[in-house]
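Chemist: Sharing a structure, written as structure tokens. Questions coming.
The values are calculated or read from the model by the stated rules, or taken from the named source; none is laboratory data. Note that the coordinates shown come from a computational prediction; the quantities given were computed from them, not determined experimentally. Cβ sites come from the backbone with ideal geometry, for glycine too, and all protein chains shown count toward neighbours. The protein model used for the area step is the full one, side chains on, heavy atoms only, and it has no ligands, DNA or RNA in it. Shrake-Rupley method; radii C 1.70, N 1.55, O 1.52, S 1.80 Å.
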Amino acid sequence: MVVDDHPMWREGVARDLTEAGHLVVATSGEGRQALRVAPAARPDLVVLDLQLPDISGVEVVQGLRASLPQVRVLMLSASGEQQSVLDAVKAGATGYLLKSAAPAEFLDAVRRAAAGEPVFTPGLAGLVLGEYRRLAAGGPGDGGTDPGEGAPRLTERETEVLRLVAKGLSYKQIAERLGLSHRTVQNHVQNTLGKLQLHNRVELTRYAIEQGLDD
């Protein structure tokens, strides 16, 4: 689903997605309309503009996550302002990409975000990692994971994979870096998710950052 108040941009994004083999189930130019349409359209991924004429993109993310908890949201914006990025991520956005991104970068971000991978324009990833680390330093009261003495033990390889996940590498990049198959990397991630009782790669990344594994 594509949500953007500029018709030419919205139609252009929808066309690029369709030509790349994605099914665009709905488009919208307003946030409230998007929230009304989404439950029936049931998109897997919403490409969402940060600045909308009625309500903010951050409010749309919050509404989408409330009605469709499994939906992925890739924010598109002309703004790389720190607070805009953090607000979007805290609201539940899977990724945040500047509108200046090249078409190939955009389509790659769509594929990765749809798979649940956190995706950020180069330069913004460090900002998000730093914020997660700051929140984690506040302890469990800030929503961080408190491993305690009973924390599950990860194998050396699982820890290595987790460290690369925290750095924002894709499964393919991790496989190439470690000389493993794509399937093996997936298995390590799934095993780690199970041990840590996490549900997806975004949560896994947050855990890794809290444990300082992104250094």
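Chemist: So the check is Cβ under 6 Å with 6+ separation or different chains; which pairs have a first residue in segment 1-13 that's at negative phi and a second one that's of a type in the set (G, A, S) and part of a strand (DSSP E or B)?
Modeler: Final answer for the pair search is V3/S28.
Chemist: Can you tell me which of A136, A125, A166 is under 22 Å from M75 (Cβ atoms), buried (at least 16 other Cβ atoms within 10 Å of the Cβ), among the small types (G, A, S) and modelled with pLDDT under 60?
Modeler: Exactly one of A136, A125, A166 is under 22 Å from M75 (Cβ atoms), buried (at least 16 other Cβ atoms within 10 Å of the Cβ), among the small types (G, A, S) and modelled with pLDDT under 60, namely A125.
Chemist: For segment 179-215, give me the residue count where each residue is more than 19 Å from V119 (Cβ to Cβ), at pLDDT 75 or above and surrounded by 16 or more Cβ atoms within 10 Å (Cβ to Cβ).
Modeler: Summing the residues that are more than 19 Å from V119 (Cβ to Cβ), at pLDDT 75 or above and surrounded by 16 or more Cβ atoms within 10 Å (Cβ to Cβ) in segment 179-215 gives 4.
Chemist: Go through segment 61-86 and report how many residues are modelled with pLDDT of 80 or more and open to solvent by 60 Å² or more (accessible area, probe 1.4 Å). Quick ask: steps written out before the conclusion?
Modeler: At the first step, the residues of segment 61-86 found to be modelled with pLDDT of 80 or more are 61-77.
Now drop any that are not open to solvent by 60 Å² or more (accessible area, probe 1.4 Å), which leaves 62, 65-66, 69-70.
Counting residues in segment 61-86 that are modelled with pLDDT of 80 or more and open to solvent by 60 Å² or more (accessible area, probe 1.4 Å) gives 5.
Chemist: Of the numbered conditions (1) open to solvent by 30 Å² or more (accessible area, probe 1.4 Å); (2) modelled with pLDDT under 75, E176 fails exactly one; give the number of that condition.
Modeler: Every listed condition holds for E176 apart from (2).
Chemist: Can you pull out every residue in segment 16-37 that is within 21 Å of R112 (Cβ to Cβ), in contact with a Leu (Cβ under 6 Å, 6 or more places away or on another chain) and without any contact (Cβ under 8 Å) to a residue 60 or more places away in the chain? Working first, answer last.
Modeler: Here is the first cut: in segment 16-37, the residues within 21 Å of R112 (Cβ to Cβ) are 16-25.
Those still in the list that are in contact with a Leu (Cβ under 6 Å, 6 or more places away or on another chain) too: 20, 24.
Correct list: V24 only.
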